[in-house]
Structures are given as structure tokens and as C-alpha cells.
Amino acid sequence: MTGRIERALVTGASSGIGTAFARQLAQRGVHLVLVARREDRLRALAGALTHSHGVEVEVLGADLADPGDRARVEDRLRSDLQVVDLLVNDAGLGGYGRLDTQDPDLLRRMVEVNVTALLHLTRAALPGMLERQRGGVINVGSTAGERPGPHAAVYGASKAFVNRLTEAVHEEVRGTGVRVLLLAPGFTATEFQAVAGVAADVAPAGLAADPDEVVAAGLQAFAAGRAVCVPRVADRALLHAARALPRVAVRRVSGLIHARGGGR
């Protein structure tokens, strides 16, 4: 899978998809730089991965909504020492509710983490990768970015940015030896929903993906040089159905689902 990938920096590595990325990359012998706010979790994960797989694991505690912390991660990506070959932008925040009722600071943090940090880290990583003619970026977007999301308007809009940006940059670097992948899962069973205030039963039984399943599909798609990976057949079918329906129907159904999930 990894080719010449020797070291990866993974944001949001303290839980969910980010932790799954760290584990699966370590299993492949890739050294790691783990980034998240919860440094205690990162250190526990780093110790386990070093013990199990013998890889080097660097811990970089950072709040990506904070410009100073974000700059430290950008500097690490630009460093010529222990070069980062693969950037996995997984860190993300969600929030549900009508826009006029949501906490303005949460909305700011959501945009800072989901949009600004992902953009700046990708921009920091690419020049060195292009100079070396190897490496790549995996940006974790979402199927939520492919449709309007009433009661999750800012989250959906932020993921629409990630989805469109990543596809465009994939095309910009095509043929350079650098790969850029949009990994766009649907509903995935992680801590994300609880933190964002989503009801536990919002997804129909069996619809939620497992983080390991999502990551395995993403790494396979990255190795193949693909632009986009929507891991599950069910999610791909829902996207096709949404594109075929009138926009008003998509908005109404999406709004009903998100309201049921806690976005009243």
C-alpha cells in the first residue's frame, strides 16, 4: 500500500477514524506523527503502537482551532527532518441545531478545524511532497458535503468545501508522483456523534460504518491513485438517489433526518 510512504501525520488521531488510520498505518510499518487536543490519549496510543509494531510515534498535542497550535503542525509538515510523506486530515467538529440557535464559538471552531486547518495543513505539506515527487494527502470529507443539510448547515457546508477542494487538488497534482484522495464516508460509528449532540439511534440499524472498514477502503483507494473513495455501497447508492431527486425533496428529507438526530 504505502510504496515509498515512510512517515504519516494523522490529525484527529485520538479517536474514531483517526485512531483507525494510526493503527492500520502502523501495521504497515509506517512511522507516525499523531495530532489531537487530547494528548493523554495520543501518548497511550503511541505506546501501544510502538510496542506492537515497532514504529516510531511522535505525539504533537494541538488544538487545530488555535492559530498558534496550527502553525506548529504546519511547521512539522514543512520540516526536512524525519520527512512526512503522508498527511491524513481527519480532525473534524460537528454541531447540530438551527443556525440562529447555535453557539457562535462552536460555529467558529467548526470552520477553523474543518476548513481552515485542513486547507493550511494541505498547503504546508504539498510543496515538499511535490519537490520529492512522492507522498500524498488523504482528506476526510463526508457524504454530508454532497447535499444541503438543514440543522447541520455549517457542518455540511464545511464538508462540501473539503470535498470540492480535495477533488480539485487531486487533478492539480495528477502525474507528479503525489496522490491526493478524498475519503468521503457516510455515517460512521465514532465518538463524533456524541460530541456533536447527535442522538444515538439516528442511523438505521446496520447503516453505520465501522472506522476500520472506512480506513481500509481509503488506504486501498489511495494506493490505487483514485480521486474519491465513498467506502460503502449503501452510501454510494444514497448519493446517486439524492442526485436524481429534486433539490427541494433532498432538502426536506435531510432536514427531517437531522432534526430527528438532535438538530431541533
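The values are calculated or read from the model by the stated rules, or taken from the named source; none is laboratory data. Just so it is clear, the structure is predicted and the values come from calculations on it, not from any experiment. Glycine gets a Cβ as well: all are built from the backbone with ideal geometry, and neighbour counts include every protein chain shown.
A few notes on this one:
- Among residues of the range 160-187, those that are more than 15 Å from Thr122 (Cβ to Cβ) and either of a type in the set (A, V, I, L, M) or crowded, with 18+ Cβ neighbours inside 10 Å (or both), counted: 5
- Among the residues examined, Thr122 does not qualify as among the polar types (S, T, N, Q) and modelled with pLDDT under 95.
- Within the range 121-138, the only residue that satisfies the criterion of being polar (S, T, N, Q) and surrounded by fewer than 19 Cβ atoms within 10 Å (Cβ to Cβ) is Gln133.
This table checks each residue for (1) farther than 28 Å from Val33 by Cβ; (2) touching a residue at least 60 places away in the same chain (Cβ under 8 Å); (3) among the charged types (D, E, K, R).
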site	(1), (2), (3)
Ala91	no, yes, no
Pro104	yes, no, no
Leu121	no, yes, no
Pro127	no, no, no
Glu131	no, no, yes
Arg134	no, yes, yes
Ser142	no, no, no
Gly149	yes, yes, no
Tyr155	no, yes, no
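- A count restricted to the range 6-37 and to residues that are of a type in the set (A, V, I, L, M) and within 14 Å of Glu56 (Cβ to Cβ) stands at 10.
- Candidates Gly149, Gly141, Gly145, Gly156 - the one that is touching a Pro at 6+ places or on another chain (Cβ under 8 Å), farther than 19 Å from Arg7 by Cβ, crowded, with 19+ Cβ neighbours inside 10 Å and of a type in the set (Gly, Ala, Ser): Gly156
Results for (1) part of a helix (DSSP H, G or I); (2) charged (D, E, K, R), shown as yes or no for each residue.
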| residue | (1), (2) |
| --- | --- |
| Ala124 | yes, no |
| Gly128 | yes, no |
| Arg134 | no, yes |
| Gly156 | yes, no |
| Ala160 | yes, no |
| Glu167 | yes, yes |
| Thr176 | no, no |
| Gly186 | no, no |
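- Only listed residue being over 23 Å from Pro211 (Cα atoms) and either in contact with a helix residue (DSSP H, G or I) (Cβ under 8 Å, 6 or more places away or on another chain) or surrounded by 22 or more Cβ atoms within 10 Å (Cβ to Cβ) (or both), chosen from Leu49, Leu77, Leu34, Leu25: Leu77
- Residue within the range 102-120 that is within 25 Å of Ala223 (Cβ to Cβ) and crowded, with 17+ Cβ neighbours inside 10 Å present: yes
- Cβ-Cβ under 6 Å pairs, at least 6 apart or on other chains, the range 222-236 side closer than 16 Å to Gly145 by Cα and at pLDDT below 80, far side in a loop (DSSP other than H, G, I, E, B) and not small (Gly, Ala, Ser): Arg236/Val230
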